[in-house]
Structure formats: C-alpha cells, structure tokens
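The structure follows.
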Amino acid sequence: MSYLSVQNISKSYPGVQALSDISFSVEKGAVHGLMGENGAGKSTLIRVLSGDQSADSGTISIDGIEQNYGSVRDAFDAGVIVIHQELQLVPELTVAENLWLGRFPGRGGVLDGRQLVETVRSRLQEIGVDVDPNAKVTSLSIGARQMVEIAKAVMMEARVIALDEPTSSLSSRESEILFKLIARLKAKGTVILYVSHRLEEIFHLCDSLTVLRDGRLAAHHPDIANVTRDQIIAEMVGREIGNIWGWRERSFGPVRLEVSGICGEKLPGPAEFSVRQGEILGFFGLIGAGRSELMRLVYGADTRRGGTVSIDGIEVPADNPRGAINAGLVLCPEDRKHDGIIQGRSIEENIAISSRRHMSPFGILQPGKEAALADRFIARLKVRTPSRKQDIVNLSGGNQQKVILGRWLSEQGVKVLIVDEPTRGIDVGAKSEIYDILYELAEGGMAIVVVSSELPEVMGISDRIFVMCEGRMTGEFARETFEERNILTLALPDRNAAHTV
Amino acid sequence: MNSLKKILLGDQGLVVIFAVAFAIVSLTVPNFLTERNILGLLQSVVTIGIVACTMMFCLASRDFDLSVGSTVAFTGMIAVIASNMTGSIVLGLIIALLSGTLVGAVNGFVIACFRINALITTLATMQIVRGLALIVSDGRAVGINDPGFYQLALSRFLGIPTPIWVMGALFIVFGFLLNRTVFGKNTLAIGGNPEAARLAGVNVVSMRIWIFALQGLICAVAGIMLASRITSGQPNAATGLELSVISACVLGGVSLAGGRAAMTGVIVGVMIMGIAENVMNLLNIQAFYQYVVRGLILLIAVLLDNLRSSASR
Ligand SMILES: Nc1ncnc2c1ncn2[C@@H]1O[C@H](COP(=O)(O)OP(=O)(O)OP(=O)(O)O)[C@@H](O)[C@H]1O
Ligand SMILES: [Mg+2]
C-alpha cells in the first residue's frame, strides 16, 4: 500500500515544460530517490509537493487521501515539509527563533523565551546537531544552517520530508549525521524524498528511485537493488559516461601563484602555498576548515591582516577583487546565491559581467559578441534554458552554478583561476565537461586552484592536494601519494591535535 | 483573458496602458489633442523628465536620492547669481553645473565610502542644500540681469521649445548609457546583487559616487532650465520634486529593489504623470483632488509592478 502517491503531475513555466505527466508512488517508511540532470524538474516537483507552486494538472495523495493544498501552510498541516536547495532560514533571527517560526509557543502573543531555547536545545542534542540555539543564523556556516533546517522538519513531526540536495553543502561528517537521522526517521515511518546528484548517496540511502529527464519520467525503480550505477546514468543523461574525472598527465612550468604569510580576521594562522603553471592544486578540508576564507583573502574579497600574493613574481593588490582580476587572478565564489548570481538580470549579462570590459571599446557594449559568448557557454555547459535572455533566477540551481562558472571560465587574460566548490549541485554529465575545461585551461598554462569538500573530486582531478583543518594547512600530497585515509586523517580536527602535540 | 493579462503584465505592458489611456483622453477631453496643449504638457514635465533620467540610475543601483528638489532650486539660484555677478551667462551656467555635480558627489561619497544609508544621507543633504539656497538668496527670489538668460527656455527650434529638446536629448543619452554601455550594465548589476558585482570586479564604490555626481549634474541642468522659465532664481522652487520623480520612475517599472530599469518605461511614467495633471487642469479639477489622484496613480503602479514580478516567478 503506497503512502505517498503522485499522479500525472504537469507544470509549465513560460517557455519551459518543467514537468510533464509525472506519476510514482512511495511506501510508508521508505526513502525515495529523485535523480536527473540539472533542470530535469526535480526541484519543481518538490515545490509542487510542498504547496509552494501549484501544478497545472495532476494530483497528490497521502495515505490514500487526495490532497488539495494551495499554500505551503496547507502542505505543512498535511505533514509535508521541504528542505530546499537554497536554504530558507531568516538570517537575522536566532536558531531557536527560526525553529519556532510560524508557531511560537507562549500565551496571548507573549513569548516564553526560556521554553523557546530549552526545547530547541534538547531537540538538537537528541538528533545530534551541535549548534547553539542562541546563535544568529548569519553566524553559522552553510553546513550548520542546513542541519538547523532539518532539525526544523523533525520538530514539526513531518510525515513526508523532502530534501533537495541536502548534502551539497555538508561536510562528510555532517552528512553522516544526516544519514543517521534519515535512518531514524525512516524507522518512524516517515516518507523521505531525497534529491541528489551523488550516486553513492542514492545507493546508500534509498529504497526506491525515480529518474527524471527533461521534465518527463525516464524511469521508476521500485527496488533500487535491481539497478546499476551505469544504468541510472544512462537513464539520466541518455548516454554512457565512462570515467568522469578524465585526468590526464600535464607538464608544469615555473611557479605562477605564490601566496605567503596570508592572514585575516577569520583566518588567524598565516597560510602559504604556491601553484605552478599548468598545475591543478586541490584544497581539501571539512566545511569550516578555512579554505574559502583563505581564497577570499587571496582574491582581496576580504581585508588581509598581512601577507602577500604574487603572480609571476609581481605582487597583486591586496584589497579589492578588481585589482586581482586586472592582475590575472579570478575567484569563482562558494556561495552562489549571495556572492554569485546577479538577480533579475539575464544569463547573458551574468556571464559577461566581468569579461565584457575586454569587448567593449570606450565602454560601449557589443551585444553581438556578448550573445555569442553566452551562447557558447550555454551550449558547452548544457545550461537548460529557453534563451540566453532568461532571468538567472528562473534557472534550476545547477544551471545557475554553470552560468557563474561560465562567467569565470570565459574571462580573458586569466593566469590564476580559483574555483570554490565548482561543481556543487551540478549533474554528472556537466561535471565531466567542467573538468575537461579545467584541464584545457591548465594545458594553456593557467594555474588552477580547486577548493572542494568532495574527496573523490579533489583526488580525481588534482595534481597535488593541500589539506586544511581549523584554519591551518595540515598537509600536502603529490598525486602519486594520494590515499583517501591519509588525506582524511589530516582533515579531521581531533586527530590533528594528536599529530601536532 | 489570459492573453490580455499577459500583455498588461509583460515587458511592454505599461506602454500599452499608456497608449490606450492617451487615446481615450484624446477622444474625450476637449482641447487635449492640440499642438498648444501638447507642447504645454511637455513643457510642464521637463523638470521631472530631466531629473528622472538619473534618478533611474540611482534606483537601478538600489539607491535613493531625496535631495534632487533642493539641488534643482539651489543650482538654479547659483546660475542666476553667478551670471549676475560675473556678467557672463556661460560662466554662470558652468558654475551652476559644477556646484550641482559637487552636491551629488558629496552624496555619493558619504553613501559609498562611509556606507551610510542613502535615504538618510540624502534626507540630510536635501535640507542642507535647501538651506544653502535660502542663505545665498537671503530667502528672496533673485531676478536675472541679462535677458539673454530667458532665451534658454523661451527659444524654439523647429517650433518646439528648447527645454523639450534638452529633455528629449537626455532621454536618448541616458537610454543609451543604460542599455548599451558597461556603465549602465554595471549599475544594474550593483542593484541586482552588490556583493556579487563587487566580486565580479565592478568597482562599486566609484560607481556609486559617479551615479550620484551625475544625478547632481543633471539636477543642475534642470535647475537652470527652470530658473530660465520662471525668469528668476527661486529658493523655494521644486519642492516635492523628489517624490514626483521617484513616482514617475516607479510608474515606469523601475524596481525599488534595484536591478530593473528601462528608459522607455521612465519616459512613459513621466508622461503619465504629466497627462494626469494636464487633464485635471483642462477639466478644472481642484488642485486638492490632484494630490489624491497622483497618489492613486502611484499606488496602482506599485500594485502592477507587484503583479508583474509575481507573474514572472
Ligand atoms: N520560475 C521559473 N521560471 C521559468 N522557468 C523555471 C522557473 N523555475 C524553474 N524553471 C525551469 O524549470 C526547469 C526545471 O527546473 P528545476 O529547478 O526543477 O530543475 P532541477 O531538476 O531541480 O535541477 P538542478 O539539478 O539544477 O537543481 C528548468 O529548465 C528551469 O529553468
Ligand atoms: Mg534543483
């Protein structure tokens, strides 16, 4: 007897058929995976389920009862809670306030502050989330925010919880906590819908699986034990993908980027590293290890307390990104919503924002050139969109990421490219295309730094790996010596303490 | 029904509404569609139209400028006094343009470098600058010595008064600046997401200063035209202008949240404001009611804007 049942759901946006005629069902207490390329319609399906968007046609039933909700609130009351790809907490409120939002305890509008905090504290402990209920959400890492959202769903005693790419911003340890949590919810009979681009996770967690392709149902697997990895990829992408990393041997030139003695407000220890021409340097660490902070200091996005950055022996100005860009250093930032996308503007403008100064004599735009540039990257990175004029906020999460990457991959005169979590939320097919572009750029003599929390990715594409932990550099590995266990050991805080003592 | 909604809420929705309203007014209001009345209408929106050009940039970059009315009065006053004192109109105009630019640059500098809210900053400069206009004139209207100054507003080219030409030229210049230059696109990018724009290499601080300086300069142009038309420097001229200009921009689809602006929209917004006033005058509607109508038009514009952005989501 299926608990959650989705029947013939269709949904279109102007110029895009996001979902057409999707039907599947999930048993009580099952974890159901949703996979598909970027823009396949996964988030849309979840939005429909959460009452955030209404479907053009089709029905949703829970426990045999047809649901007819018109708002998120209705879905809440029906026990459906969604944790979105882009997190939805109120940044200026505390963790506890966020968890209670919409149904504060207390009588006659007077809040019982103590109860507010204590309930949250015990609940967080119960599910193994280590966050201070009094902390403001702005002060938390993305990973911690994600955990808070999940805690919120648990507190609401949801019957159906949908998670949209929950692990894309979690460290492996936080992911472990999440997986345990999911197992516990499952035992309680909660239905979990789980969207992810990571096949390992899908196999590890899910009981059944639905694959979407271009808004259509590509496959429904009631039992995941009967499918293989390659089969799923083929159903998603429509072709086979062999080795997604595709690493190839390269020769290196002299040192290109030299960073020494860098420190800043959020990164106390001075950091040093250098990258050679044609080299891809991976930076691995857990979320919160200080990698992004370091890269922001190198780029001049945050103010340095000390240290120097030089490219080919020439010092790069310390305090503004523009100076760095002019010196040939670019950074594709980690947080695409806050630091990457320009809301309300087209894909074309989002790609061309930086590189257009090279193609605009006297500051006058050459629309033809910008259009050609945009079209090239839309095609190469397979951005799913009706046109390059589409507002970037209308793209799916992974497609937004592709556009922001396109912005930096298309920049001219780049000597050093730093990409922070470049493939977050990007599907398998597009990932291998992005790695390919990185190799091409490296072969052209660029020095590339890849920050990533996915160890397989760092190991798959780097020539050398630096490990960071709690704001310090804790290790360095050459490609011949890559070994998962050794790298992980140096990234974990407690073990490190033992090392350095 | 659906397609009607699509048209009204689409990119050109405002233009359609404007065309329909214009047609209705032309057919129903006597004396509206005469050359004399149309030129008068255009003359009456010159100040708002000119200042709206740069206000559009301010709003598009997520900023705000309340000091425009005061700046228009102040620069008009400076133009008159400086012309009188130096005996040269050209010199007087240059000094007025410079002082307008200076006021704007100070606004921009305080907002960009000290990160003080634009609303507060320009609320302060609005009063300071109005005060300065009163101080230099001792609170009285200042007459113009050289009658050549009147010619700025009175002269005609091809039968159309110079101020209308100036306004038209500025529409074209700023439309080009917004859509076809790096400056315009960077302005919109800052409005869309200032932090992302900064990380993409846009010099947000200097852009802000430029936008405000430009606003000051254009206010001076409007101030000079106005002084010439009313044949004197008036310290109390253009009070409340900031609200009319911002209304016109919002009517024209410029988003107060930044990142969205179009010159055609702003032109239409300015015209709608002008026509409403003109029609009410032709129909002899009391001035008191005109405030109510203007407020209603603004409300409707904002509601439309709201519908439009929720329809596109
Ligand atoms: N508000 C919107 N307006 C127009 N098109 C939209 C809107 N929201 C989503 N789309 C389109 O609908 C399609 C499905 O998007 P959706 O976000 O569901 O993809 P997804 O499968 O979640 O992808 P990803 O893996 O990148 O998160 C995409 O082509 C997207 O461009
Ligand atoms: Mg998605």
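Rounded, prolate or oblate: which one fits region A:24-83, using the alpha carbon gyration tensor with axes a ≥ b ≥ c (rounded when a/c is under 1.5, else prolate when a/b beats b/c, else oblate)?
oblate
Give, in whole angstrom and from largest to smallest, the semi-axes √(5λ) of the equivalent ellipsoid of region A:215-316, with λ running over the eigenvalues of the Cα gyration tensor.
Working from the Cα gyration tensor, I get semi-axes of 42, 20, 11 Å.
Here's a follow-up. For peptide A:314-320, what's the mean number of Cβ atoms from other chains within 10 Å of each residue's Cβ?
1
Once the dipole of region A:4-237 is set up with Lys and Arg at +1 and Asp and Glu at -1 on Cβ about the Cα centre, which of A:L212, A:S169, A:P133 lies farthest towards its positive end?
A:P133
Next up: Can you compute the FRET efficiency between B:S206 and A:N226 using 1/(1 + (r/R0)^6), with r the Cβ-Cβ distance and R0 = 60 Å? Round to the nearest 0.05.
The value I calculate is 0.45.
What ³J(HN,Hα) values, in whole Hz, does the Karplus curve 6.51 cos²θ - 1.76 cosθ + 1.60 give for region B:233-244 when θ = phi - 60°, with x put for Gly and Pro?
Along region B:233-244, the couplings run x, 10, x, 9, 5, 6, 6, x, 4, 3, 5, 5 Hz.
Turning to a different aspect of this structure: Take the alpha carbon atoms of region A:250-380, find their radius of gyration, then divide it by 2.2 N^0.38 Å using N residues; give the quotient.
1.20
Whose amide H sits under 5 Å from the amide H of A:Q53, counting only residues 5 or more places off or on another chain, with H placed in the peptide plane?
The answer is A:V48.
Give or take rounding to whole Å, what are the principal axis extents of the alpha carbon atoms in region B:146-285, in descending order?
Ordered largest first, region B:146-285 gives principal extents of 52, 38, 32 Å.
Along the Cα→Cβ direction, 7 angstrom out, place labels at A:R239 and A:H358. What is the inter-label distance in nm?
Taking the simple label geometry, A:R239 and A:H358 are separated by 2.7 nm.
Could you calculate the FRET efficiency of A:E480 with A:K188 from 1/(1 + (r/R0)^6), where r is the beta carbon distance between them and R0 is 45 Å, rounded to 0.05?
The calculated FRET efficiency here is 0.40.
May I pose another question? In nm, what is the difference between 0.36 nm times the number of residues separating A:V90 and A:D312 and their Cα-Cα distance?
75.5 nm
Provide a whole-number value for the mean count of partner chain Cβ atoms within 10 Å of the Cβ atoms in peptide A:348-355.
What the average comes to for A:348-355 is 4.
Continuing with the same structure: Test of understanding: what is the full-extension gain from B:T239 to B:V90, defined as 0.36 nm times their sequence separation minus their Cα-Cα distance?
51.0 nm
Provide, as a two-decimal number, the C-alpha radius of gyration of region A:4-237 over 2.2 N^0.38 Å, N being how many residues it has.
1.02
As a check on your grasp of the helix formula, calculate [θ] at 222 nm for the protein assembly as shown: sum -39500 (n - 2.57) over DSSP H runs of n ≥ 4, divide by the residue count, round to the nearest 500.
-15500 deg cm²/dmol
Based on Cα positions only, what radius of gyration and what Dmax would you give for the protein assembly as shown, in angstroms?
When restricted to Cα atoms, the protein assembly as shown yields Rg and Dmax of 30.3, 95 Å.
For a paramagnetic label modelled at 7 Å from the Cα of A:K180 toward its Cβ, which residues of region A:126-142 fall within the zone defined by backbone nitrogen distances under 11 Å?
A:126-130
Karplus couplings for region A:256-270 from phi (6.51 cos²θ - 1.76 cosθ + 1.60, θ = phi - 60°), rounded to Hz, Gly and Pro as x?
Result, rounded to whole Hz: 9, 10, 10, 10, 9, x, 6, 8, x, 4, 8, 9, x, x, x.
Here's another thing I want to ask about it. Please compute the net charge surrounding B:P163, taking Lys and Arg as +1 and Asp and Glu as -1 over other residues with Cβ under 12 Å from its Cβ.
For residues surrounding B:P163, the net value is +2.
Still on this model: When you take every Cα atom in region B:34-312, what is the radius of gyration, and what is Dmax, the widest Cα pair distance, in Å?
In Å, with Rg to one decimal and Dmax whole: 18.5, 58.
Given R₀ = 60 Å, FRET efficiency for B:I128-A:E126 by Cβ-Cβ distance, to 0.05?
Efficiency, from the Cβ-Cβ distance: 0.55.
Shifting gears a bit: What distance in nm separates the two pseudo spin-label positions at B:I135 and A:E157, each 7 Å out from Cα along the beta-carbon direction?
Between B:I135 and A:E157, the label points sit 6.9 nm apart.
Could you put A:V298, A:V414, B:V293, B:V51 in order, starting from the residue whose Cβ has the fewest other Cβ atoms within 10 Å?
Listed from fewest to most nearby Cβ atoms, that is B:V293, A:V414, A:V298, B:V51.
For peptide B:243-255, what's the mean number of Cβ atoms from other chains within 10 Å of each residue's Cβ?
0
Here is a further query. In which sequence would A:L124, A:L492 go, from the one with the fewest C-beta neighbours within 10 Å to the one with the most?
Starting with the residue having the fewest Cβ neighbours, the order is A:L492, A:L124.
So what are the radius of gyration and Dmax for the Cα set of region A:380-474, in Å?
Values for region A:380-474 (Cα only, Rg and Dmax): 14.4, 46 Å.
Pull out a ≥ b ≥ c, the square roots of the eigenvalues of the alpha-carbon gyration tensor of region B:1-145, then state rounded if a/c is under 1.5, prolate if not and a/b is larger than b/c, and oblate in the remaining case.
Oblate.
How far apart, in nanometres, would the label points at B:Y291 and A:S23 be if each is projected 7 angstrom from Cα along the Cα-to-Cβ direction?
Going from the B:Y291 label point to the A:S23 one covers 6.4 nm.
Amide H neighbours of A:Q67 under 5 Å, counting only residues 5+ apart in sequence or on other chains, H built in-plane at 1.01 Å?
A:I60, A:S61, A:I62
FYI, it's all coordinate maths here, none of it is from the lab. Here the structure is a predicted model, which means the values were calculated and not measured. Please note: Cβ atoms are built from the backbone with ideal geometry, for glycine as well, and neighbour counts cover all protein chains shown.
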